[in-house]
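The values are calculated or read from the model by the stated rules, or taken from the named source; none is laboratory data. Nothing here was measured: the structure is a model prediction, and the numbers come from that model. Cβ coordinates were reconstructed from backbone atoms using ideal geometry, including for glycine residues, and neighbour counts include every protein chain displayed.
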Amino acid sequence: MKNRSLYFILALVIFSCQTKDNQFENATDDPPSYWLETLDSVTVKDILVRTFMFQTADSAHVIFKDAASSDVYVFDKAGNPIDQWNKTGDVPGALSMAAGNFKLDKNGNLVILDIMNGLKVFKKNGDIVQNFGIYQHQWSVGGAFSLFKSYQVIEKNGKEYLLYSLDVIDEAPEEYGPEYLQARKNLILTDLETEETQTFLPFPEGSQFLNGNVFYFSDFRPVFSYNPKTQVLYLLFQNEPILYTYDWSGDEPILKEKKTLNLDGFVSNTGYEKGAVDFPKIADYKVNPFPSQILNLEQYGDDLLITYKPTPADKADIAMVISGDASKELKKTLSEEIKKRTVVLTPNGDLIPVNLPEMNPYDFVVLGEDIWWMKKHTGEEEQEDFTVYRGRLVKE
């Protein structure tokens, strides 16, 4: 009994001595975790497409599209087909395979950003509401199909905007060097009624991207989440585990706080000397085959939901992959080590892992209080029936 009392006192002392500097680390060796509880699901049948992806939903509809074409499918909540349409070829509102995912505006219209054809707003039946051009043509396209948010429809001062970023949002500089990064603006805001567009938000002071080196564009892609109620903008750059929090109650976001996140296995790239990286290059997996990347940032209730990919711990293993000497077994081991991880960041700074079910490799999407995802297809036969699930995080 005395030993138990001593252990209890010692635990209290250790807990009370934790400092604010450690607030982004879990307090115990056996931290709690979250799991995804299924609330309901919708199954749609007899679909023959190449890359069928859930897009969004409202109180009455569930919307999908074929990411490999411009086919759009609208169903009711029972899975019954309501409408199907496409924007293929030389037609008004044409979409390319580079188009992102649909978002809903306040009127229930579908907003989509296509970096090849521009910003579009459609009614659910396919009628065009707005057909804007592209703000800046891209030199290259990076990123696989994913449901993760790459842009957000937001409301400020009674107007709706699309908040987004592009790998290249400027004219090409004469030389790609640290001067370009010093002057770069990382976010774009487009008025969904007038198409008036502005770029804003330079790299914050102290960011690694201002260290005098140059970087691949995938390193400083921003992921972000704007909360219209609190008028707070949360932002991370993909290869920098620092959460930047901005007050956006005025015309321009003002940096309030920055916090380094202790993401297990995350390794930041310090960059390369001027001239070592071509201007529009997204990444070079021969140079860095396993870059750490923050893939998604979402507001989820009072918490933030963060998904990232780590880097293998053994540098010698990475060197073998670069040299071409890695065995199949080693490559398989490393592919397991770098699997995506999702964590919850609580307001008091705890990072809590999320145990996600097997799901479609295109990941999940957060809509309000709910998380939507599609079941992973494991059969060899061609899939014709698809199920999308709606769930919420539960703390274990």
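Criterion applied to Glu257, Glu329 was being acidic (Asp, Glu) and out of contact with any strand residue (DSSP E or B) (no Cβ under 9 Å at 6 or more places or on another chain), and the one residue passing it is Glu329.
Across region 269-289, what is the total count of residues that are out of contact with any helix residue (DSSP H, G or I) (no Cβ under 6 Å at 6 or more places or on another chain) and either not basic (Lys, Arg) or not in a loop (DSSP other than H, G, I, E, B) (or both)? Write out each step before concluding.
Step one: of region 269-289, the residues out of contact with any helix residue (DSSP H, G or I) (no Cβ under 6 Å at 6 or more places or on another chain) are 270-281, 284-288.
Filter again for either not basic (Lys, Arg) or not in a loop (DSSP other than H, G, I, E, B) (or both), leaving 270-273, 275-280, 284-285, 287-288.
Adding up the residues that qualify gives 14.
Number of residues in region 331-361 that are among the charged types (D, E, K, R) and touching a Leu at 6+ places or on another chain (Cβ under 9 Å) equals 2.
Per-residue answers, yes or no, for (1) touching an Asp or Glu at 6+ places or on another chain (Cβ under 7 Å); (2) outside any loop (DSSP other than H, G, I, E, B); (3) among the hydroxyl-bearing types (Ser, Thr, Tyr):
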{"site": "Thr333", "(1), (2), (3)": "no, yes, yes"}
{"site": "Glu336", "(1), (2), (3)": "no, yes, no"}
{"site": "Gly349", "(1), (2), (3)": "no, no, no"}
{"site": "Ile352", "(1), (2), (3)": "no, yes, no"}
{"site": "Trp372", "(1), (2), (3)": "no, yes, no"}
{"site": "Gly391", "(1), (2), (3)": "yes, yes, no"}
{"site": "Val394", "(1), (2), (3)": "yes, yes, no"}
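Counting just the residues of region 365-382 that are without any contact (Cβ under 8 Å) to a residue 40 or more places away in the chain and not acidic (Asp, Glu), which one comes out nearest to Thr38 (Cα to Cα)? Filtering first and then ranking leaves Lys375. When the residues of region 54-71 are filtered to those that are aliphatic (A, V, I, L, M) and at pLDDT below 95, the one that is farthest from Trp373 (Cα to Cα) is Ala68.
For Glu155, the criteria (1) in a strand (DSSP E or B); (2) surrounded by fewer than 18 Cβ atoms within 10 Å (Cβ to Cβ); (3) without any contact (Cβ under 8 Å) to a residue 40 or more places away in the chain hold in every case but one, which is (3). Within region 364-389, can you find the residues that are surrounded by fewer than 19 Cβ atoms within 10 Å (Cβ to Cβ) and touching a strand residue (DSSP E or B) at 6+ places or on another chain (Cβ under 9 Å)? Hits for region 364-389 are Val366, Leu367, Glu369, Asp370, Lys375, Lys376, His377, Gln383, Asp385, Thr387. Within region 190-203, the residues that satisfy the criterion of being in a loop (DSSP other than H, G, I, E, B) and either at positive phi or over 20 Å from the mean Cα position of the chain (by Cα) (or both) are Leu192, Glu193, Thr194, Glu195, Glu196.
Tell me, please, whether a residue that is in contact with a helix residue (DSSP H, G or I) (Cβ under 6 Å, 6 or more places away or on another chain), touching a residue at least 60 places away in the same chain (Cβ under 8 Å) and not polar (S, T, N, Q) can be found in region 164-175. Yes, that holds for at least one residue. Checking each residue in region 87-122 for being in a loop (DSSP other than H, G, I, E, B), acidic (Asp, Glu) and crowded, with 16+ Cβ neighbours inside 10 Å picks out only Asp105.
Note on region 294-325: residues that are surrounded by 18 or more Cβ atoms within 10 Å (Cβ to Cβ) and over 26 Å from Phe237 (Cβ atoms) total 0. Here are Leu181, Leu187, Leu147, Leu162: which of them is outside any strand (DSSP E or B), aliphatic (A, V, I, L, M), within 18 Å of the chain's Cα centre (by Cα) and surrounded by 16 or more Cβ atoms within 10 Å (Cβ to Cβ)? Within the list Leu181, Leu187, Leu147, Leu162, the selection yields Leu147. Which one is surrounded by the fewest Cβ atoms within 10 Å (Cβ to Cβ), of the residues in region 123-143 that are within 22 Å of Ala57 (Cα to Cα) and in contact (Cβ under 8 Å) with a residue 40 or more places away in the chain? Only one residue tops the list, namely Asn125.
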